Amino acid sequence: MKENTKTTKGRTKKNKNEIVEMPIEYQLDRKKDTMVYALGGLGEVGKNMYCIEHEDEIIVVDIGVLFPEEGLLGVDYVIPDFSYLQKNQARIKAVIITHGHEDHIGAIPFFIQKVKINEIYAPKFAIALINKKLEERRLNKSIKLKEINHDSRIHTKHFDIGFFNTTHSIPDSLGVLINSPNGRIVHTGDFKFDLTPIGNNSDYQKMAYIGQIGVSLLLSDSTNSGVAGFSLSEKKVASVIKEQMRKTPGRLLVSTFASNVLRVNQILEAAVACGRKVAVFGRSMENVVEIARKQKVINIPESSFIGANELNTLPANKICIVCTGSQGEPMAALSRIANGTHRFIKIIPGDTVIFSSNPIPGNDMSVSAVVNQLTRVGANVVVNSPLTSLHTTGHATQEEQKLMLQLIKPVSFMPIHGEYKMLKQHIDTAVETGVKRENCFICANGDVVALRDGIAFHAKERIQTDDIYVDGNDISGLSTSVIKDRQLLADNGMVAVIVAINSKYNKILCKPSIVSRGFVFIKESQTLLKEAELIVYEALKEKMLQKTTFGELKNCIKSSLEPFLFQKTNRNPIVIPVILNSKSAMQQNQEKPKPKRTTKEA
């Protein structure tokens, strides 16, 4: 066994009763060790994709998207890099989905176009959502979806996989137990502990049993690692919303996450109980309500729903509008209602708008702008607060994370699904419950934690991974290069160098001309640009003393200009060479048997 000399100390079992010190980091042995790594979900909230690999088999858990930040203009989704799995697709023996949220299923359409697999295992409600997603892209016939539940089992040559129920904000949420040749691995999925849940209860007995038989490595949801205490019960939120509906005299608008299916169901049930008819607006909300009704998660009668054209036919106190836009998204239904651009709904003074949500970090300003605009046009806006209790999280807070750790009792711990700070806070929580700090691993996407004889360690190897930006339906990775160019243009601008030459005599016809956009203010930088033109001119003159090509000329322009501009400005603009050939040279080249491109080269 090869050991890294620059390692810290960990522990391993020499036999059943003896524990000895050993290095925590080894040289990975791919023939013996079980590898655990993430292609997404570490250092970020979203894009969840985790892999367990042993010899010739790979198990994939979740294939999610990350929605872009405001700075990623033109990007629709950020997805994991599938290139490693594409190269090893024959080794993929199971793809498992823990539940139906976008950050766990959103990248499936892109994945199945890149990686050829036969089937995906997913719980019932997640299958309905995946099918809808695949139908929209006409991919529903390209993959088989197999339903799993807490009693399901999956067997491969090296792995035995089981499941247990967890509580989350969507039906049919599962945790995963993976028995590997080197120990048991538990992946919690997204979870919380709610003692009065709506929907399935957490499978406490099965979790406790798994903890008793021994778990080598726990992978656990870290989203709320910085939130102390226990989270509010969903049942408490439901009763507060119902009371708010009962005492609201006029028309009521409720906005929440469309993905929080159980909350949407509680809002609809409260509306019906208070004698209100329900109108649903927003594409994602409409889709979720339609699927939830087909799956019998929402059991509201058809007579309780009204269309947009019926809103003006009922008294205001008999109407409840459920819509998207709780995060202040510019094109969501609630934002358009606030701005007066919605086709069917205008705010009437006296309307009450309820936000059954909390702003996601980074969305505070957008939400505040919508709240202000709604108030300006006469609405009474009620947001979640400790006094109103209109929202509760679907992710475990610190005390709930401690309960999971106490039930599973892992030897080693790897926090997942969170930004770096969240992962670090979760490790602190794990150490409080008795997990040894040297057995806790903060990883980045691509880092490998390996298991050998039940002991986890950091491996030296890394798996290739990156953010892939999706613009439209492009999954080729070209959008990633495009976005990097956009960022470069935004930060440093662009410089175009226009050069006129005569390729017949291999001569420059006049000094180069430089045009700048977004790099420097031209009127104040004439001296810089003139100096730059001279540097390019001298470099081209020297280059054209010998036989050359258009490609070599472009490289000459870039290699001479880029260092000069950086030296003078500490900025790296995109340099675009534009080479113009003379008419006589073009005519001469056109007469040749194999004409070359001699028109404008850019």
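The values are calculated or read from the model by the stated rules, or taken from the named source; none is laboratory data. This is a predicted model, so every value here is computed, not measured. Heads up, the Cβs are rebuilt from the backbone with ideal geometry, glycines too, and the neighbour counts pull from every protein chain shown. The area values use the complete protein model at the heavy-atom level, side chains included, leaving out ligands, DNA and RNA. Shrake-Rupley method; radii C 1.70, N 1.55, O 1.52, S 1.80 Å.
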>> Can you tell me which residue is farthest from A490 (Cα to Cα) among those in region 551-579 that are surrounded by fewer than 17 Cβ atoms within 10 Å (Cβ to Cβ) and in contact (Cβ under 8 Å) with a residue 40 or more places away in the chain?
In response: K568
> If you scan region 207-228, which residues turn out to be not in a loop (DSSP other than H, G, I, E, B) and not aliphatic (A, V, I, L, M)?
Replying inline: Y209, G211, Q212, S216, S220, D221
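Select, from S225, S202, the only residue that is crowded, with 24+ Cβ neighbours inside 10 Å, in contact (Cβ under 8 Å) with a residue 40 or more places away in the chain and more than 19 Å from V61 (Cα to Cα).
Numbers: S202 fails: in contact (Cβ under 8 Å) with a residue 40 or more places away in the chain.
Sole residue among the options that is crowded, with 24+ Cβ neighbours inside 10 Å, in contact (Cβ under 8 Å) with a residue 40 or more places away in the chain and more than 19 Å from V61 (Cα to Cα): S225.
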>> Based on this model, can you work out whether E70 counts as modelled with pLDDT of 95 or more and more than 24 Å from I127 (Cβ to Cβ)?
In response: no
> Among the residues of region 362-382 satisfying the criterion of being over 19 Å from Q327 (Cβ atoms) and assigned to a loop (DSSP other than H, G, I, E, B), which is least open to solvent (accessible area, probe 1.4 Å)?
Replying inline: G378
> Taking into account only those residues within region 246-278 that are closer than 13 Å to L334 by Cβ and among the small types (G, A, S), which is surrounded by the fewest Cβ atoms within 10 Å (Cβ to Cβ)?
Replying inline: A258
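This table checks each residue for (1) under 35 Å from the mean Cα position of the chain (by Cα); (2) among the acidic types (D, E); (3) within 21 Å of N384 (Cβ to Cβ).
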position: E234; (1), (2), (3): yes, yes, yes
position: A238; (1), (2), (3): yes, no, yes
position: I241; (1), (2), (3): yes, no, yes
position: A271; (1), (2), (3): yes, no, yes
position: K277; (1), (2), (3): no, no, no
position: A292; (1), (2), (3): yes, no, no
position: N299; (1), (2), (3): yes, no, no
position: N317; (1), (2), (3): no, no, no
position: C323; (1), (2), (3): yes, no, yes
> Any chance region 149-161 includes a residue that's part of a strand (DSSP E or B), closer than 21 Å to A450 by Cα and touching a helix residue (DSSP H, G or I) at 6+ places or on another chain (Cβ under 9 Å)?
Replying inline: no
> Taking region 519-548, which residues are in contact with a strand residue (DSSP E or B) (Cβ under 7 Å, 6 or more places away or on another chain) and among the aliphatic types (A, V, I, L, M)?
Replying inline: I522, L529, A532, V536, L540, M544
> Which condition number does H104 fail, the rest of (1) in contact with a strand residue (DSSP E or B) (Cβ under 8 Å, 6 or more places away or on another chain); (2) modelled with pLDDT of 95 or more being met?
Replying inline: (1)
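In this structure, is K421 charged (D, E, K, R), more than 23 Å from M207 (Cα to Cα) and open to solvent by 40 Å² or more (accessible area, probe 1.4 Å)?
Values: charged (D, E, K, R): yes; more than 23 Å from M207 (Cα to Cα): yes; open to solvent by 40 Å² or more (accessible area, probe 1.4 Å): yes.
Yes; evaluated as a whole, the condition is true for this residue.
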> Restricting the search to region 155-193, which residues are within 27 Å of the chain's Cα centre (by Cα), acidic (D, E) and surrounded by fewer than 24 Cβ atoms within 10 Å (Cβ to Cβ)?
Replying inline: none
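Using the structure shown, decide if V470 is open to solvent by less than 20 Å² (accessible area, probe 1.4 Å) and either under 18 Å from Y420 (Cα atoms) or of a type in the set (A, V, I, L, M) (or both).
Against the criterion (open to solvent by less than 20 Å² (accessible area, probe 1.4 Å) and either under 18 Å from Y420 (Cα atoms) or of a type in the set (A, V, I, L, M) (or both)), V470 qualifies.
Could you please give the count of residues in region 297-341 that are in a loop (DSSP other than H, G, I, E, B) and within 25 Å of G100 (Cα to Cα)? First the steps, then the outcome.
Just the residues of region 297-341 that are in a loop (DSSP other than H, G, I, E, B), to begin with: 297-301, 306-307, 314-315, 324-332, 340-341.
Still in the running and within 25 Å of G100 (Cα to Cα): 297-301, 324-332.
Within region 297-341, residues that are in a loop (DSSP other than H, G, I, E, B) and within 25 Å of G100 (Cα to Cα) number 14.
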> In region 383-413, what residues are more than 14 Å from K236 (Cα to Cα), open to solvent by 10 Å² or more (accessible area, probe 1.4 Å) and of a type in the set (A, V, I, L, M)?
Replying inline: V383, L403, L407, V411
> Would a scan of region 75-91 turn up a residue that is in a loop (DSSP other than H, G, I, E, B), among the small types (G, A, S) and modelled with pLDDT under 95?
Replying inline: no
>> I need the full set of residues from region 289-305 which are within 14 Å of A279 (Cβ to Cβ) and in contact with a Leu (Cβ under 7 Å, 6 or more places away or on another chain), in order please.
In response: I300
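It is to be established whether one or more residues within region 276-296 are part of a loop (DSSP other than H, G, I, E, B) and more than 26 Å from K132 (Cβ to Cβ).
Yes, region 276-296 contains a residue that is part of a loop (DSSP other than H, G, I, E, B) and more than 26 Å from K132 (Cβ to Cβ).
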>> For region 342-361, give me each residue that is assigned to a loop (DSSP other than H, G, I, E, B) and over 19 Å from N260 (Cβ atoms).
In response: H342, R343, F344, I345, K346, I347, I348, P349, G350, D351
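When you check P315 against the structure, is it open to solvent by 50 Å² or more (accessible area, probe 1.4 Å) and either free of Cβ contacts under 8 Å to residues at least 60 places away in the same chain or closer than 30 Å to I52 by Cα (or both), yes or no? If you could, list the steps in order and put the result at the bottom.
Working: open to solvent by 50 Å² or more (accessible area, probe 1.4 Å): yes; either free of Cβ contacts under 8 Å to residues at least 60 places away in the same chain or closer than 30 Å to I52 by Cα (or both): yes.
Considered against the rule, which asks whether it is open to solvent by 50 Å² or more (accessible area, probe 1.4 Å) and either free of Cβ contacts under 8 Å to residues at least 60 places away in the same chain or closer than 30 Å to I52 by Cα (or both), P315 comes out as yes.
Would you check if K511 is farther than 17 Å from S582 by Cα, basic (K, R) and modelled with pLDDT of 85 or more? Full working, then the answer.
Details: farther than 17 Å from S582 by Cα: no; basic (K, R): yes; modelled with pLDDT of 85 or more: yes.
So K511 fails the test.
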>> Let me confirm something: among K116, K144, K124, K31, which residue is in contact with a helix residue (DSSP H, G or I) (Cβ under 6 Å, 6 or more places away or on another chain), open to solvent by 10 Å² or more (accessible area, probe 1.4 Å) and closer than 23 Å to I161 by Cα?
In response: K116
>> Let me spell it out: the conditions are (1) under 22 Å from I574 (Cβ atoms); (2) surrounded by fewer than 16 Cβ atoms within 10 Å (Cβ to Cβ); (3) at pLDDT 85 or above, and A539 meets all of them except one. Which number is the exception?
In response: (2)
>> I'd like the full set of residues that are open to solvent by less than 30 Å² (accessible area, probe 1.4 Å), free of Cβ contacts under 8 Å to residues at least 60 places away in the same chain and farther than 23 Å from D194 by Cα, limited to region 289-304.
In response: V289, I300, S304
> Among the residues of region 328-361, which ones are open to solvent by 10 Å² or more (accessible area, probe 1.4 Å), closer than 22 Å to L311 by Cα and of a type in the set (A, V, I, L, M, F, W, C)?
Replying inline: M331, A332, F344, I347, I348
